[in-house]
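Worksheet for the structure shown next.
The values are calculated or read from the model by the stated rules, or taken from the named source; none is laboratory data. Nothing here was measured: the structure is a model prediction, and the numbers come from that model. Methodologically, a virtual Cβ is constructed for each residue, glycine included, from the backbone with ideal geometry; neighbour enumeration extends over all protein chains shown.
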């Protein structure tokens with residue numbers, strides 16, 4: 001009897017323990033789309049027309065399609081490693097018909113050869129280790145060998161397909177990170193470096209030496225031009241604001257005439273992923289629903305150089321696994337919305353996951369929505385990378401994306417010519433002025449600057465009239481990354497970051513706070529609230545009684561550059577009205593590192609403010625900077641993207657999966 005009582009007590013204790021643990025549920029995979037999409041026409045091993053495709057995705061890795069031009073059936077070959085998610089560069093040899101892919105994030109060179117389809121997508125090895133994790137360009141020399149550019153160290157690597165040997169020549173520039181090489185028919189090798197001071201580099205394969213030729217440009221000066229390409233004659237040309245040149249060995253020769261660029265990806269200033277080349281039978285393959293359409297890449301349009309051959313559409317049957325989710329939002333209609341990452345597709349579902357639908361693109365950008373906000377009437381705003389384009393969507397009307405006036409969502413474009421990543425967003429309600437007039441409800445957006453530049457922008461938009469304004473460099477060489485409306489003060493609290501545009505190293509030493517008057521559109525306070533060695537103010541959340549929690553740290557990219565100088569991620573409780581800090585403390589190291597999108601990582605929830613790291617959902621004890629873990633992700637699991645709370649249920653994403661966590 002005693003044994004039975006003990007067992008019963010243990011069972012009751014176990015049941016109580018389980019009931020007190022948060023419950024995690026899977027809602028589904030909202031988006032199965034593809035990125036870095038290219039078509040590769042050519043000649044198959046039988047000499048007939050051949051069409052290959054390359055596509056990136058997160059769940060299952062990138063893949064290659066060998067497309068049946070009669071039926072659209074695709075033989076699909078996935079990458080050997082799940083880490084090989086993005087085919088950041090691809091090149092099909094016109095001589096052998098083999099397709100080469102530089103894979104991010106591991107920086108390996110892959111090959112699919114239709115003549116040896118049984119080998120699938122082969123991994124040929126690392127291009128240059130950690131020096132080239134993001135391959136940027138592949139070009140073929142007259143002898144059939146390849147030259148490959150790489151990020152983050154602006155490296156140049158030679159690969160011989162016959163021997164499968166890599167020869168690594170290292171960095172071509174000590175400031176820029178990106179390198180885009182092209183090899184001419186005469187054996188000349190040159191490359192453009194980007195993005196801080198774009199310039200042309202010529203390389204001598206005999207000695208391994210390199211030098212800069214021609215002008216060194218600045219992305220801030222829009223009058224400057226640096227266009228590098230291979231002409232139809234197979235030679236290399238440079239079109240600049242100071243003149244036109246042909247690349248001859250290690251030097252530039254002025255020319256009065258520039259030939260047309262060779263079709264395909266032979267011009268380093270073009271980023272269209274279409275290889276607009278006719279196949280041997282004169283057929284030209286282009287996407288019918290690609291970047292200029294729905295962005296689904298399911299249908300190829302086949303036209304012909306022969307005017308008697310009618311165009312036709314070719315539906316493809318490739319299978320996607322899932323796209324990572326980037327931002328989540330609860331609309332006024334009660335539904336959950338979110339954006340996928342490369343490409344930017346918007347999904348919607350009910351809170352229980354039912355009715356889940358991939359609505360499609362919301363912007364001309366097709367990058368990802370960094371931020372989503374809702375106006376008082378339920379209209380939603382999407383801020384999209386690149387170019388920080390703004391789109392407006394009314395959930396009460398059918399989804400019909402366009403940049404035209406009847407679009408829903410409607411892409412209305414950029415609010416300035418500097419912002420590129422719209423990382424901060426706030427909706428400021430209509431505000432009455434002493435003279436009886438009203439400043440209308442406005443969208444406010446903080447953006448990181450364009451590639452190779454410093455100094456981000458704070459911009460606002462009136463969604464009714466589409467009037468807007470923008471301010472740059474609230475503090476020189478910093479960017480506004482977090483925004484919070486303070487209703488009692490009728491001011492906008494802004495957190496500044498030292499982040500520059502992609503490809504740059506920070507110039508500013510510290511982040512800052514700014515209090516902004518949205519009525520008169522001007523700053524009222526700029527400073528650090530007394531915080532020594534203030535890092536980036538990456539996230540803000542209301543703490544009640546006019547106080548605010550601020551997350552102080554660095555994005556992953558900046559932290560990697562700063563190394564040990566980055567310091568720990570900290571929480572601060574601040575009183576904006578008094579311009580002072582009430583408490584500050586580092587996050588416990590055992591919570592794990594911050595997600596890539598650190599700007600979203602503290603937020604209001606039931607009975608307080610919560611935050612996430614990759615491993616932990618935590619709650620901040622009200623009135624303090626003390627934290628307590630609510631849920632620890634088990635080994636092999638993690639939290640990537642936080643979403644809204646609905647009651648006791650927290651919505652979040654892990655990679656491509658939409659999930660919920662419900663408190664007991």
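A few comments on the model shown:
- Qualifying residue in the range 62-69 (condition: out of contact with any strand residue (DSSP E or B) (no Cβ under 7 Å at 6 or more places or on another chain) and within 23 Å of residue 32 (Cα to Cα)): yes
- Selected residue (criterion: surrounded by the fewest Cβ atoms within 10 Å (Cβ to Cβ)) from residues of the range 41-59 that are at pLDDT 95 or above and more than 19 Å from residue 118 (Cα to Cα): 59
- Qualifying residue in the range 309-325 (condition: closer than 30 Å to residue 376 by Cβ and at pLDDT 95 or above): yes
- Any chance residue 211 is in contact with a strand residue (DSSP E or B) (Cβ under 8 Å, 6 or more places away or on another chain) and surrounded by fewer than 18 Cβ atoms within 10 Å (Cβ to Cβ): yes
- Residue within the range 572-587 that is under 25 Å from residue 441 (Cα atoms), touching a helix residue (DSSP H, G or I) at 6+ places or on another chain (Cβ under 9 Å) and in contact (Cβ under 8 Å) with a residue 24 or more places away in the chain present: no
- Condition met for residue 60 (under 26 Å from residue 181 (Cβ atoms) and within 22 Å of the chain's Cα centre (by Cα)): no
- For residue 517, the criteria (1) surrounded by fewer than 22 Cβ atoms within 10 Å (Cβ to Cβ); (2) on the phi < 0 side of the Ramachandran plot; (3) in contact with a strand residue (DSSP E or B) (Cβ under 6 Å, 6 or more places away or on another chain); (4) touching a residue at least 40 places away in the same chain (Cβ under 8 Å) hold in every case but one, which is (4).
- In the range 89-118, the residue that is surrounded by the most Cβ atoms within 10 Å (Cβ to Cβ) out of those that are within 25 Å of the chain's Cα centre (by Cα) and modelled with pLDDT under 95 is 90.
- Applying a threshold of 6 Å to beta carbon distances and a minimum spacing of six or more residues, or different chains, the list of pairs starting in the range 202-216 at a residue that is more than 20 Å from residue 245 (Cβ to Cβ) and ending at one that is surrounded by fewer than 16 Cβ atoms within 10 Å (Cβ to Cβ) is empty.
- For the residues 253, 220, the requirement of being more than 20 Å from residue 158 (Cβ to Cβ) and assigned to a strand (DSSP E or B) singles out 253.
- Residues being in contact (Cβ under 8 Å) with a residue 12 or more places away in the chain and either on the phi > 0 side of the Ramachandran plot or assigned to a strand (DSSP E or B) (or both) - total across the range 223-250: 17
- Checking each residue in the range 600-621 for being in a loop (DSSP other than H, G, I, E, B), surrounded by fewer than 20 Cβ atoms within 10 Å (Cβ to Cβ) and either in contact (Cβ under 8 Å) with a residue 60 or more places away in the chain or at positive phi (or both) picks out only 607.
- Yes/no for residue 539 being touching a helix residue (DSSP H, G or I) at 6+ places or on another chain (Cβ under 9 Å), within 17 Å of residue 499 (Cα to Cα) and at pLDDT below 95: no
- When residues of the range 542-557 are limited to those that are out of contact with any helix residue (DSSP H, G or I) (no Cβ under 9 Å at 6 or more places or on another chain) and part of a loop (DSSP other than H, G, I, E, B), the one farthest from residue 441 (Cα to Cα): 545
- Counted residues, the range 137-168 - those being free of Cβ contacts under 8 Å to residues at least 40 places away in the same chain, surrounded by fewer than 22 Cβ atoms within 10 Å (Cβ to Cβ), in contact with a strand residue (DSSP E or B) (Cβ under 7 Å, 6 or more places away or on another chain) and not in a loop (DSSP other than H, G, I, E, B): 1
- Residue in the range 18-40 that is on the phi > 0 side of the Ramachandran plot, touching a residue at least 60 places away in the same chain (Cβ under 8 Å), surrounded by 18 or more Cβ atoms within 10 Å (Cβ to Cβ) and part of a strand (DSSP E or B) present: yes
- Per-region count, the range 508-533, residues under 11 Å from residue 475 (Cβ atoms) and either at pLDDT below 95 or not in a strand (DSSP E or B) (or both): 5
- A count restricted to the range 327-350 and to residues that are under 14 Å from residue 655 (Cα atoms) and either modelled with pLDDT of 95 or more or touching a helix residue (DSSP H, G or I) at 6+ places or on another chain (Cβ under 7 Å) (or both) stands at 5.
- Within the range 520-535, the set of residues being surrounded by fewer than 13 Cβ atoms within 10 Å (Cβ to Cβ), under 16 Å from residue 459 (Cα atoms) and touching a strand residue (DSSP E or B) at 6+ places or on another chain (Cβ under 8 Å) comprises just one member, 522.
- Odd one out for residue 504, checked against (1) crowded, with 18+ Cβ neighbours inside 10 Å; (2) in a strand (DSSP E or B): (2)
- Note on the range 652-662: among residues that are more than 18 Å from the chain's Cα centre (by Cα) and under 19 Å from residue 591 (Cα atoms), the one that is surrounded by the most Cβ atoms within 10 Å (Cβ to Cβ) is 652.
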